[in-house]
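Trainee: Could you have a look at this structure, given as structure tokens, before my questions?
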Amino acid sequence: MKPIVLLCRIDGNFGGVERTLLHLAAHLLEFHPVIVPIANHGELERSAREDGLTVDFLPMPSRLSILAARRSLIEIARRHSARIIHTFGIRSNLLACLSRKRLNVPWVARVPNVSSTDYANPLLGRLSHVINNQLLSRADAVQVISPQLRDYYAALTRPPARIDLIPNGVDAEFFSPVESNAQRRASLGLPEHGHIIGSVGRLDPVKGFKKLIDAFASLKLSWPDASLLIAGDGPERDELLRTAREYGVADSLYLPGFIQDVRSCLAVMDVYVCSSISEGVPNAMLEAMSMSRCVLSTRVGGVESILRDGCEGVLLHEASAREIRERLHELLSDPDERKRLGANARDRVINEFTLRNMAQSVEAMYRELIDR
């Protein structure tokens, strides 16, 4: 019988972390995953059940229901005879930290970025980050997804006991290159002709989409037939629409909402843009690279560990609307360069960032923690 690993995550906004968790669960060969959605019956739970994964919901009516949620996690771990607890976020980190002595099983915490940058309120972000670092110092292992994060946590006054660098991976066969066509454009409501600038992510200020709209509005002066496609949903949707109306580009902005399979979106993009002010290693960017899309990105989080400027894409020197516009103009003007960068990007994914590589590394970490 395969040893059980609990994969724990609050079920809130569905994004890159949730997709990584599900992809990992689907590619584990030596361990049996149990998905533990916390607090909400949301998209994480629904997707896990659709994928045929084992799910055990952990109720947490409020942020203050810590002791009851701790008891629930202990009950779930004992019910499944779990051998590993793998957490994905500060709330699941807290519950695992409070439960580990009662359970006496290894606890692994995955960290995708420096969490303080995920909060609109800088003070709340800093407080959350300090608390999370205290929790991580008690974990048996911390999984980071970029060399930048590894170096950051290793330099802390109280570093984690063990830091494993395991980058994100994507299914390179599933996200294989396909050509844009009129049918794919029509399915998204896009015009038949004209360049498509695009991105994928939750509609949140941290993604920098307002700045992208600003850059796009200026770009339209030179490329009047261009369109901007942003796939995802979130709290900033209405604000982005308002911004597009202010800049006079509302008719060229397409917000199709949350899309489970983003291949159709990526396929129509001439340039994929990451305008984020906070990221780990963006899954959507890796998927775009796997589909041979040309990528333009801010120098944020662990982006520079997967995308080298001038090799697999273009990195911005400064995260300004002006420079985004200038780099986009250069890329739209040079289809051969876009093709070269896209081909190099796919080669990089195949060689270094596949789901199989990620899952094998995670399973090796699990085995070492159990056997020590």
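Trainee: Please report, in whole Å, how far the alpha carbons of the stretch 182-352 spread along each principal axis, starting with the longest.
Mentor: 41, 33, 32
Trainee: Suppose each label sits 7 Å from its Cα in the direction of the beta carbon; what would the S333-R245 distance come out to in nanometres?
Mentor: According to this spin-label approximation, the distance is 3.5 nm.
Trainee: Counting only pairs 8 or more places apart or on different chains, how many lysine pairs in the chain have C-alpha atoms closer than 23 Å?
Mentor: Values: K207/K220; K210/K220; K211/K220; K220/K339.
Value for the chain: 4.
Trainee: Here's another thing I want to ask about it. Please grab the % of Cα pairs in the stretch 48-87 that end up more than 16 Å from each other. Don't skip to the answer; put the middle values down first.
Mentor: Numbers: 348 of 780 pairs.
Pairs farther apart than 16 Å: 45 percent.
Trainee: Hey, what does the equivalent ellipsoid look like for the stretch 291-372, semi-axes from the Cα gyration tensor as sqrt of 5 times each eigenvalue, largest first, whole Å? Display every interim value, and only then the final one.
Mentor: On the way: eigenvalues 223, 49, 9 Å².
That gives 33, 16, 7 Å for the three semi-axes.
Trainee: Then there is this: Taking R0 as 30 Å, what's the FRET efficiency between S128 and Q260 from their Cβ-Cβ distance, rounded to 0.05?
Mentor: On the way: r = 29 Å, r/R0 = 0.97.
Calculated transfer efficiency: 0.55.
Trainee: Could you go through the stretch 188-193 in sequence order and give the Karplus-derived ³J(HN,Hα) for each residue, using 6.51 cos²θ - 1.76 cosθ + 1.60 with θ = phi - 60°, rounded to whole Hz, and x for Gly and Pro?
Mentor: Calculated HN-Hα couplings, in order: 9, x, 8, x, 5, 10 Hz.
Trainee: Would you work out which of V314, G302, V362 lies farthest towards the positive end of the dipole of the stretch 300-372? Charges go on Cβ: Lys and Arg +1, Asp and Glu -1.
Mentor: V362
Trainee: Quick query: amide H of I10 versus all other amide H atoms, modeled in the peptide plane; which residues come in under 5 Å with a sequence gap of 5 or more or a different chain?
Mentor: Those lying under 5 Å, H to H, from I10 are I38, S92.
Trainee: Please compute the Kirkwood hydrodynamic radius of the stretch 159-272 from all pairs of different C-alpha atoms, in Å with one decimal. Walk me through the intermediate numbers first.
Mentor: Values: mean 1/r = 0.0649 Å⁻¹.
For the stretch 159-272, inverting the mean 1/r across all distinct Cα pairs yields 15.4 Å.
Trainee: Once the cut-off is 39 Å, how many percent of the Cα-Cα pairs in the chain end up in the long-distance tail?
Mentor: Numbers: 11491 of 69006 pairs.
Of the Cα pairs, 17 percent sit more than 39 Å apart.
Laboratory data are not the source of any read-out in this text; all were calculated from the coordinates shown. If you're wondering where the values come from, they're calculated on a predicted model, not measured in any experiment. Note: ideal-geometry Cβ built from the backbone for every residue, glycine included; neighbour counts use all protein chains shown.
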